[in-house]
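The numbers here are math on the coordinates, done by the rules we state, and not lab data. Model, not experiment: these values are computed from the prediction. Here Cβ is always computed from backbone atoms with ideal geometry, including for glycine, and neighbour counts include all displayed protein chains.
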Amino acid sequence: MGGRRRWWATGVALALLAGVYAIEALVSGSALSADGRVLIAMGAESRGLVLSGELYRLFTDALLHANLEHLLANGVALAIAGYYLEPVVGWRWMVVLLGAGALGGSIASAAANPEVISVGASSAIMGVFAAGAIAIWRRFPEGKTRSAALWRFMRLLIPALIPIANRSQQGNLNIDVAGHVGGALAGCAIAPWLLRDWPAGEAAPQPSIRVRGTALATIALVALSAAAAAIHLPGQMPDLTAAAAMAPYEELQALDRKSETASRALVEKYPGDPRVRMMHAMIVLESRKDAAIAEADLRQALESAERNKLFRPVFTQMLRAMLAGVLMQEGKRVDARRTVEPLCASGIDPEMPKELVSTFAEMRKELCASHPR
């Protein structure tokens with residue numbers, strides 16, 4: 001190492017994460033948090049999207065972060081890990097470990113979480129922590145130096161694992177436990193390869209041709225994945241434009257569920273948001289039993305949700321089930337069957353709320369009994 005401490009890979013990775021987040025903030029219109037639809041458009045990982053052929057998401061998800069706090073937490077962890085490990089193993093091994101952790105975390109997340117949208121560099125960092133801890137244990141000479149280095153690394157690794165223990169208490173944070181574990185397992189899996197290039201008694205691993213090639217391949221894969229995400233982004237811009245016209249989550253939460261006036265004002269403010277129209281329809285039905293107004297709102301909500309592909313399928317199914325129920329109240333059996341027909345053919349999404357599932361079960365007896373399967 002020539003006595004000089006270098007952090008090329010760590011520095012470039014931190015700059016890349018900051019640059020990508022700046023783009024997220026610009027498109028989302030907020031420096032504090034990124035819009036979920038923006039994250040999907042820019043390359044967040046999702047099992048359905050990956051299986052549809054968008055494999056680039058297995059790498060691009062590690063470049064994205066949900067909010068500024070998320071970015072800062074991962075940035076600090078990466079900086080500390082890189083500060084201690086990269087001068088020892090070199091930038092090439094740092095690149096390989098980050099890439100392996102990111103890929104392992106993405107695969108584990110996609111396998112364990114079919115409906116979760118995952119972002120963040122934490123899986124890549126977990127890979128670095130895990131491989132670094134094993135390397136320190138196996139190659140640092142016994143004594144105070146190894147104990148101090150290992151303790152330093154474990155002190156960083158254990159807090160990173162705390163979300164796993166506290167998952168039930170932090171469910172609203174949507175912590176991707178599988179991604180954390182997958183990244184750590186990938187680091188453990190690649191550690192023996194690192195040790196093959198780190199002879200016992202040597203102060204650092206040797207940059208073999210195999211590692212040089214793998215580091216370059218990792219850089220190429222990340223670059224190609226980012227390019228693929230950039231190519232796909234323009235095609236998703238109409239959805240991002242539509243997302244900008246959606247009501248903020250805070251306004252939806254603050255809406256008085258008993259005030260028809262407030263819900264109508266929200267509809268007028270965000271006419272293209274199907275969630276707002278659905279809530280207004282529910283309030284109208286509860287307050288004055290006006291099925292005609294509820295039907296109109298639900299029809300417009302369904303049309304808008306189907307036009308904007310960033311709404312999950314379970315939401316459009318909810319709208320169909322609710323609209324069919326209103327049509328049945330109005331005695332419009334033919335329209336109700338036409339509305340619910342896609343549900344008869346495909347079945348109910350597992351995420352459908354239980355109260356709607358039971359309601360649809362009753363409608364199914366009347367509307368889907370003779371539907372060809």
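Some observations on this one:
- Extended-chain gain in nm, criterion 0.36 nm per residue less alpha-carbon gap, Arg264 and Arg312: 14.8 nm
- With an a/c value of 1.5 or above and a/b not larger than b/c for the gyration tensor axes a ≥ b ≥ c computed over the alpha-carbon atoms, region 71-127 is described as oblate.
- Spread of Cα-to-Cα distances over 10 Å intervals beginning at zero, given as percent, for region 1-110: 14, 40, 33, 11, 2
- With each label modelled as a point 7 angstrom along the Cα→C-beta vector, the Leu233-Glu69 pair spans 2.7 nm.
- Cross-link pairs Lys289/Lys332; Lys258/Lys289; Lys332/Lys354 - those with Cα-Cα distance over 18 Å: Lys332/Lys354
- Remark on Ser33: its backbone amide H falls under 5 Å from those of Leu68, a criterion applied only to residues 5 or more positions apart or on other chains, H modelled at 1.01 Å from N.
- Net length gained if the chain between Ala189 and Gln206 were fully extended (0.36 nm per residue, minus Cα distance): 4.2 nm
- For region 2-56, trypsin sites (Lys or Arg not before Pro) are listed when DSSP marks them as loop and at most 15 other Cβ atoms sit within 10 Å of their Cβ; the list is Arg4, Arg5, Arg6.
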